[in-house]
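Here is the structure we will look at.
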Amino acid sequence: MTELDEVRPSSTERSVSATWQISLAGSQQGATIEGPQKQFFRPVATEGLCGASDLSAYSVALTPDRHVIPHYHEDDRIVVMRSGTAVTLLAAPNGTSWEVALVSGPGDMIFIPAFWRHQAVCMHDVDALEISGDARFNHSVVLAPEFERPDLEQELRDRYSAGRLARGAHQLTELARPRESLRR
């Protein structure tokens, strides 16, 4: 045995430590906060809760009556839908209007690249997990109110309620066509 072997934790000790931190992240949550984009977050993996230093994760709760302000972040995001249904509107960093509508539900994962404008339009109560490449999570949020389209939000809700907006990705140009075009 070398001197280094005596100082380093064994692979079993490292595994137990990692398991403890993962368990802690899932069982000990921080207080609910409201972000500037009007979403409610509850921290589940942060440096303070479990030692996370390169990313963070928060539970997100949305209801259909909640209006989320269009925004973007300076880091990548992954959203894992646990329950509910939402439409996420997306626009490229240099885009001037919404380009894609992603209809997602339980089990779906949405990747939102850094600087892409986005907005969640909630159809049913949503519980999601949002993972950020930012250890401080929501510090880099930039509001983009110029992308607000209440008429589009209502059109999406109407189509969804009528069963004419299926899960998956839809180009926004489809919404300019007659309502039946989104049937699947």
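No value in this document is a laboratory result; all are computed from the given coordinates. A quick note: this is a predicted structure, and the numbers were derived from the prediction, not measured. In this analysis, Cβ positions are derived from the backbone assuming ideal geometry, glycine residues included, and neighbour counts consider all displayed protein chains.
Net charge of the neighbourhood of residue 70, taken over other residues with C-beta under 15 Å away and scored Lys/Arg +1, Asp/Glu -1, is 0.
Inverting the mean 1/r over all pairs of different Cα atoms, compute the Kirkwood radius of region 56-184 and quote it in Å. This gives a value of 14.8 Å.
Could you work out the local net charge near residue 109, counting Lys and Arg as +1, Asp and Glu as -1, over the other residues with Cβ closer than 15 Å to its Cβ? Provide the component values of the computation, followed by the final result.
Details: positive: 77, 82, 167; negative: 76, 108, 127, 130.
Residues near residue 109 contribute -1 overall.
Counting charges near residue 95 (Lys, Arg +1; Asp, Glu -1) among other residues having Cβ under 14 Å from its Cβ returns a value of 0.
Could you point to the residue in 129, 88, 145 farthest towards the positive end of region 45-184's charge dipole, with +1 and -1 charges on the Cβ of Lys/Arg and Asp/Glu respectively? So the residue we want is 88.
Computed extension gain for residue 54 through residue 140, at 0.36 nm per residue and net of the alpha carbon distance, reaches 29.5 nm.
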